[in-house]
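First comes the structure, then the notes that go with it.
The values are calculated or read from the model by the stated rules, or taken from the named source; none is laboratory data. Computed from a predicted model, the values in this text were never measured in an experiment. Positions of Cβ are backbone-derived with ideal geometry, glycine not excepted, and every protein chain shown enters the neighbour counts. With ligands, DNA and RNA removed, areas are computed over all heavy atoms of the protein, side chains included. Shrake-Rupley method; radii C 1.70, N 1.55, O 1.52, S 1.80 Å.
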Amino acid sequence: PGIGGEETVGLIAIHHNGRFLEFFPQDSKIEWETGKWGSWKINAYTPDKKLRAEIVATCESPGTLLRAPTDGKGLAPACRDTFEGIVEMKVWELDNLILNAKSKDGGLEIGGGPWDEAWKDSAEFNNAIKALLSVDVDLDDVFEQLPQLKLFKPRGL
């Protein structure tokens with residue numbers, strides 16, 4: 001994984017009491033385990049262990065089968081969604097529980113392949129990717145100095 005290859009990514013972003021708590025592979029370790037249907041678990045923590053998050057979700061309803069993009073089959077029934085999930089979220093700061101929330105209306109999803117079975121993985125960027133993401137770059141200046149790249153400039157940037 002990494003430069004020239006693929007990188008597994010995940011993200012937990014929480015707004016709580018006027019704070020934005022972000023767990024992103026650039027500065028956190030994220031681990032998840034997804035059952036074929038009915039169970040999801042995501043854990044994340046910062047390297048210094050000052051912040052830690054856990055999200056556990058379950059669903060007893062069968063969900064709704066949806067079409068999703070697939071390799072070689074186009075749009076095909078390959079995804080299952082629900083808004084009847086039970087989601088529990090906890091966040092600790094310095095081992096003190098600062099958020100303990102629960103919803104019975106959680107949006108949950110599986111599918112799209114190759115995640116047709118239970119799936120367990122983690123995300124933590126390697127040092128080369130972390131270094132690239134931390135470089136302070138003035139993108140306006142890049143596009144000005146290299147006009148041939150203007151085609152790739154996102155709108156609004």
- prompt: Where the accessible area of the chain is counted over protein heavy atoms with a 1.4 Å probe, how much of it, in %, is carbon and sulfur?
  reply: 52 percent
For region 9-88, accessible area per residue (1.4 Å probe, heavy atoms of protein chains only), Å²: 61 Å²
- request: Would you please report the Å³ per residue occupied by the convex hull of the alpha carbon atoms in the chain?
  value: 179 Å³
query: If you plug each phi of region 25-34 into the Karplus form 6.51 cos²θ - 1.76 cosθ + 1.60 with θ = phi - 60°, what whole-Hz ³J(HN,Hα) values come out, in order, with x for Gly and Pro?
result: x, 5, 9, 8, 10, 10, 10, 9, 9, 10
- line: For region 93-101, in residue order, the Karplus 3J(HN,Hα) values (coefficients 6.51, -1.76, 1.60; θ = phi - 60°; whole Hz; Gly and Pro = x) are 10, 6, 6, 9, 5, 10, 8, 9, 10
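Could you rank the peptides 87-98, 66-77, 32-43, 140-151 by their average count of other C-beta atoms within 10 Å per residue, with the highest value first?
Most protected by this proxy first, the peptides run 32-43, 87-98, 66-77, 140-151.
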